Structure formats: structure tokens, C-alpha cells
Amino acid sequence: MSLASNALCTLAQAKAYLDIASGDTSQDSKLELLINASSSMIENYLDRKLIYQGYVEYHDGRNSDRLLLKEWPAIKPTEIVFDQTWTYGASNVIPTDNYQLESEIMVVLRGYKFPRGNRNIKVTYYAGYQSPVTGGSGPVLPAEITQACIMLVAWQYQLRADRRLGVSSKGKSGESISYVKGIPVEITTILDLHYRIEVPFAEVGVENG
């Protein structure tokens, strides 16, 4: 077993949290499996990818000069193509000087708008955080996301001993623990700061010269 490309914490971090000695490799395969599972659970809960990678997206034109990307934090798209025929040829590429990126997720056009259409916009871009395992491009992964992954790994690690898989709530020593999509609420409360929120904007856009 090895860590997946979307792993949100390292093996060493998980072992340190669980008080497992760094030289003790007896639990490594199990922990790597749990890190991979926990990372995917977090991405599914947040409805977004977190580790830096490339994307090709197709959007519907809304008669607007703004376009909301699906993943963030993004860098300025390397290419935007507008084509009602869906061929997306080189002659339909929008010059990079005619658009900018705002707030790591919103593309703003300069001087014109995307006419209405289905899948008439193709965007190629990169987005996401550095991998805590391999490094790479992008900003540093927020510490609270890493901590949430470590906590979820530790929680699942203990579930085997508790034999409480599949329960929606659990009482122990006078305490009650609730779950959201298989993740304890104590962890989802941390993650909610990074949840995908669709930002509405005026269909006609904002004029910019």
C-alpha cells in the first residue's frame, strides 16, 4: 500500500497523532489505507479536489463577463476557448490579455461577454494546494484540513476496536457523537470552512473596459 496522490496528510503525521513510534512499521499499510480513504471522504464531503492538478472544464455561456471555475485555489487559466460549434479550435482561443482571475476562482473577461450557449466555453487551468506528501506547486494546504484528515484517520483506526461501523450516532461515557456522511461532526465543523459554495452573479455581468 502507498499513499494516493490526493493524500491530505503524511504517514508520519498520522503515526505521531496515534502515538505510534516512527520506527514501528507494523501499522503502516493499515494507516496508508486509512489516509487514502479519509482523504477521499473529505474531498467528497467538500465536493472539491484539494491537491494541485490540471483541469479541463466545459461551461455554459450565460451572457456574462464572469465565469466561476469548479476548483480552487486556481491560477490564471492557460487557455479559454469560446466556440458554439464545440470544436474548440485554435481560431477561437481568447487572448490571455483579455481575462484575469479574481479571488482564486472567478475568471473576469475584459471588453466582452460569453453569449448564451451549452458547453460553449472550454477552460484549461491548474488549481489546488501543495501535496503534504510530495510537495509540488500551489499554496500550502491549510493546516486545519491536514488536521481534519489526521483526526479522521485516528477515528477510523479506533472504530475497529469499538465495532461501531455504520452507526449514525454513538454514546460513550455520557457523551454523544454525531456523524455527517460517515464523518464525525467535530471534523465536519472544521471542514465546513472550505466547503464549496456556488456564488451567484448577475447574468448580464459587469461592464469593464
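The values are calculated or read from the model by the stated rules, or taken from the named source; none is laboratory data. None of the values given here were measured: they were computed from a predicted structure. Don't worry about glycine lacking a Cβ; one is built from the backbone with ideal geometry, like all the others, and counts go over all protein chains shown.
Taking segment 27-70 only, how many residues are under 26 Å from Tyr157 (Cβ atoms) and not in a strand (DSSP E or B)?
24
Can you name the residue in segment 7-26 that is part of a loop (DSSP other than H, G, I, E, B) and in contact (Cβ under 8 Å) with a residue 60 or more places away in the chain and, of all such residues, is surrounded by the most Cβ atoms within 10 Å (Cβ to Cβ)?
Result: Leu8.
Among the residues of segment 46-70, write down those that are in contact with a helix residue (DSSP H, G or I) (Cβ under 8 Å, 6 or more places away or on another chain) and surrounded by 21 or more Cβ atoms within 10 Å (Cβ to Cβ).
Leu50
Could you please find all residues in segment 71-83 being surrounded by fewer than 19 Cβ atoms within 10 Å (Cβ to Cβ), of a type in the set (D, E, K, R) and touching a residue at least 40 places away in the same chain (Cβ under 8 Å)?
Lys76, Glu79
Evaluate the following for Ser2: is it assigned to a loop (DSSP other than H, G, I, E, B), among the hydroxyl-bearing types (Ser, Thr, Tyr) and in the same structural domain as Thr189 (by TED's automatic domain parsing)?
no
Inside segment 11-49, can you point out the residues that are over 18 Å from Gly182 (Cβ atoms) and in contact with a strand residue (DSSP E or B) (Cβ under 9 Å, 6 or more places away or on another chain)?
Within segment 11-49, just Lys49 meets the criteria.
With surrounded by 13 or more Cβ atoms within 10 Å (Cβ to Cβ) and out of contact with any helix residue (DSSP H, G or I) (no Cβ under 9 Å at 6 or more places or on another chain) as the only criterion, which of Ile105, Ile150 stands out?
It is Ile105.
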